[in-house]
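A.B. asks: Here it is, the structure in full.
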Amino acid sequence: MSPKLKKPASAQADKFDFYLASVQCPEADAEFFEEVYRAHTGRELRVMREDFCGTAALCAEWVRRHEDNQAIGVDLCAETLSWGEKHILSLLGDRRQNVVIHEETVLAPLEQKSQLTSAQNFSYNIFKTPEELLVYFKAAYQNLEEDGLFVIDMMGGTDAMCEDSQDRKITGAKKPDGTALPPFTYTWEQAAYNPITGDFLCHIHFTVKRGTKIQKAFTYDWRLWTLPEVRDLFLQAGFQTVEVYTEGWDEDSDDTDGLFEKREEFENEGTWIAYIVGKK
Ligand SMILES: C[S@@+](CC[C@H](N)C(=O)[O-])C[C@H]1O[C@@H](n2cnc3c(N)ncnc32)[C@H](O)[C@@H]1O
């Protein structure tokens, strides 16, 4: 193709660009980790491990925030890791050396311990039995420094445990290198939920204006765990305390307020997101 006919950068966007722009918010996760770690230990968080790191967007955000920050990313998908290396980590300059990526299962013991390990976007739901999930939580425990924190997110609510499909239109988003993404629609499809087993099959689809559709860009064959189940398994894995943080409600906008606070109880809305924090 001659340079004149080269497609604009936005047209070369792929499923990972759309995923990053619609699903992840590494800045918000990183800010929460800093605050919760300081509150628990009185120290600054410097070594953050991202389990199921995918494109390592959170690792990149973490080392951008402070020159002494280090990130450890763990994921077993070579294709996703190499996309992240090319499109995200390569933009870090000198700070690239502050990120170590392991193409590995999250169950593997690593020599380098972290002060905080995170598992975001519900990735641990791939473990479908209590026995399997406990093995993972024990591995996370072992890979933490003494008094380290393990932070996972969780989705729940009355609308989570059913078949459903929700669209969200996204405009003005950018790729990691700052070039514009075309407006697109993100679709979260809960294709099947089995109340007996908790098996939960979900897909993400993207529709780009004027045509292109990426159907089943990502598929998740999960078990939808509940908060009490996960709390019990954290304690069985050895964590001393388990806390739950959820957002409050903003009456003006009739939506969540984006502020995660520690709670002992909250209303079971249609959908909610929580951080669960275990202390070693
Ligand atoms: C839902 S994506 C999460 C990506 C990213 N962390 C985020 O927050 O959006 C799940 C990721 O987990 C990875 N994965 C699945 N099973 C794994 C395992 N046993 N060990 C390490 N990574 C795994 C997949 O390759 C995929 O990149």
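Each value in this text was obtained by applying a stated rule to the coordinates, not by laboratory testing. No experiment lies behind these values; they were computed from the predicted model shown. Cβ placement follows ideal geometry from the backbone for every residue including glycine, while neighbour counts extend to all protein chains displayed.
A.B. asks: Wrap a convex hull around the Cα atoms of region 163-222, take a quarter of its surface area, and give that in square nanometres.
C.D. replies: Working: hull surface 18.7 nm².
Averaged projected area of region 163-222's Cα convex hull equals 4.7 nm².
A.B. asks: In which sequence would CYS25, CYS162, CYS202 go, from the one with the fewest C-beta neighbours within 10 Å to the one with the most?
C.D. replies: Fewest-to-most Cβ neighbours within 10 Å comes out as CYS162, CYS25, CYS202.
A.B. asks: Within 13 Å, Cβ to Cβ, of LEU92, how many net charges do the neighbouring residues add up to if Lys/Arg are +1 and Asp/Glu are -1?
C.D. replies: 0
A.B. asks: Now a separate question. Whole-Hz ³J(HN,Hα) for each residue in region 14-26, computed from phi via Karplus 6.51 cos²θ - 1.76 cosθ + 1.60 with θ = phi - 60°, x for glycine and proline: what do you get?
C.D. replies: In residue order, the calculated couplings are 10, 4, 6, 4, 5, 4, 4, 6, 10, 10, 9, 9, x Hz.
A.B. asks: Would you order ASP17, ASP232 from fewest to most other beta-carbon atoms within 10 Å of each residue's own beta-carbon?
C.D. replies: Listing ASP17, ASP232 from fewest to most nearby Cβ atoms yields ASP232, ASP17.
A.B. asks: With +1 on each Lys and Arg Cβ and -1 on each Asp and Glu Cβ, how big is the dipole of the chain about its Cα centre, in debye rounded to the nearest 20?
C.D. replies: Result for the chain is approximately 1560 debye, rounded to the nearest 20.
A.B. asks: What's the exposure ranking of TRP62, TRP249, TRP222, going from fewest to most Cβ atoms within 10 Å?
C.D. replies: Sorted ascending by nearby Cβ count, the order is TRP249, TRP222, TRP62.
A.B. asks: Just the ratio, please: alpha-carbon radius of gyration of region 149-194 over 2.2 N^0.38 Å, N its number of residues. Let's see the in-between values first.
C.D. replies: Working: Rg = 15.4 Å, N = 46, 2.2 N^0.38 = 9.4 Å.
Normalised Cα radius of gyration, region 149-194: 1.63.
A.B. asks: Hey, got the dipole for region 163-222? About the Cα centre, +1 on K and R Cβ, -1 on D and E Cβ, debye to the nearest 20?
C.D. replies: Computed about the Cα centre, the dipole is about 560 debye.
A.B. asks: Applying the Karplus parametrisation 6.51 cos²θ - 1.76 cosθ + 1.60 with θ = phi - 60° to the phi angles of region 121-136, what ³J(HN,Hα) value in whole Hz is obtained for each residue in order, glycine and proline being reported as x?
C.D. replies: 6, 6, 5, 5, 5, 5, 7, 9, 10, x, 5, 5, 5, 5, 4, 5
A.B. asks: Where does the chain land at 222 nm, in deg cm²/dmol rounded to the nearest 500, when only DSSP H runs of n ≥ 4 count, each adding -39500 (n - 2.57), divided by all residues?
C.D. replies: Taking each H run of at least 4 residues, the total per residue is -7500 deg cm²/dmol.
A.B. asks: At a Förster radius of 35 Å, what calculated FRET efficiency corresponds to the Cβ-Cβ distance of LYS174 and GLU131, to the nearest 0.05?
C.D. replies: 0.25
A.B. asks: Next up: In Å, what is the Rg of the alpha-carbon atoms in the chain, and how long is Dmax?
C.D. replies: 19.1, 62
A.B. asks: Ok, one more. Select from TYR220, THR179, ALA274 the residue farthest towards the positive end of the dipole of region 150-280; place +1 on Cβ of Lys and Arg, -1 on Cβ of Asp and Glu, and compute about the Cα centre.
C.D. replies: THR179
A.B. asks: Give the aspartates and glutamates whose C-alpha is closer than 14 Å to that of LYS280, dropping any in the same chain fewer than 8 places away, or say none.
C.D. replies: Within the straight-line cut-off, LYS280 pairs with GLU145, GLU146, ASP147, GLU243.
A.B. asks: Determine the distance separating the Cα centre of region 190-217 from the Cα centre of region 17-82; give it in Å without decimals.
C.D. replies: Cα centres, region 190-217 to region 17-82: 25 Å.
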